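Report on the following structure.
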């Protein structure tokens with residue numbers, strides 16, 4: 001995609017702080033981090049979201065996270081945990097599939113703004129999903 005900022009980063013048309021690169025993905029530091037060490041895994045091929053992504057990319061990304069990226073974050077930044085997230089449609093600012101790796105730290109005060117009043121009864125939701 002010609003106007004995709006992530007495609008431009010992948011093609012080195014826009015500079016990035018690249019942590020890892022291989023034939024399938026490029027891993028960069030987020031320019032708008034939630035915590036220190038917030039990384040983005042970008043597939044080199046343009047996919048819009050979870051509905052059109054190749055499963056090999058997802059598997060590769062999670063294996064890379066498990067084997068290299070999370071250990072790197074733990075060793076170098078002493079993070080206490082890791083949140084892995086990926087947005088589709090609502091909340092997806094850039095329409096190029098990407099995975100957020102957000103290192104978690106004790107007292108990082110990340111608030112996902114969950115409004116309990118908006119959560120339906122568990123049985124009701126279960127019945128909706130299974131009928």
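Nothing in this text is a laboratory measurement; each read-out follows from the coordinates by a stated rule. Keep in mind that what you see is a predicted model, and the values were worked out from it rather than measured. Reconstructed Cβ throughout: ideal geometry from the backbone, glycine too, with neighbour counts over all protein chains shown.
For region 57-67, the condition holds for at least one residue, the condition being that it is surrounded by 15 or more Cβ atoms within 10 Å (Cβ to Cβ) and farther than 30 Å from residue 113 by Cβ.
A quick yes/no check of all residues on (1) without any contact (Cβ under 8 Å) to a residue 40 or more places away in the chain; (2) outside any loop (DSSP other than H, G, I, E, B); (3) over 23 Å from residue 104 (Cβ atoms); (4) in contact with a helix residue (DSSP H, G or I) (Cβ under 8 Å, 6 or more places away or on another chain):
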site	(1), (2), (3), (4)
7	no, yes, yes, no
36	no, no, no, yes
51	yes, no, yes, no
64	no, yes, no, no
70	yes, yes, no, no
73	yes, yes, no, no
76	yes, yes, no, no
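Within region 78-104, track down each residue that is touching a residue at least 60 places away in the same chain (Cβ under 8 Å), over 19 Å from residue 45 (Cα atoms) and surrounded by fewer than 16 Cβ atoms within 10 Å (Cβ to Cβ). 104, the sole residue that qualifies.
Look at residue 44 and say whether it is surrounded by fewer than 17 Cβ atoms within 10 Å (Cβ to Cβ), in contact with a helix residue (DSSP H, G or I) (Cβ under 8 Å, 6 or more places away or on another chain) and in contact (Cβ under 8 Å) with a residue 24 or more places away in the chain. Considered against the rule, which asks whether it is surrounded by fewer than 17 Cβ atoms within 10 Å (Cβ to Cβ), in contact with a helix residue (DSSP H, G or I) (Cβ under 8 Å, 6 or more places away or on another chain) and in contact (Cβ under 8 Å) with a residue 24 or more places away in the chain, residue 44 comes out as yes.
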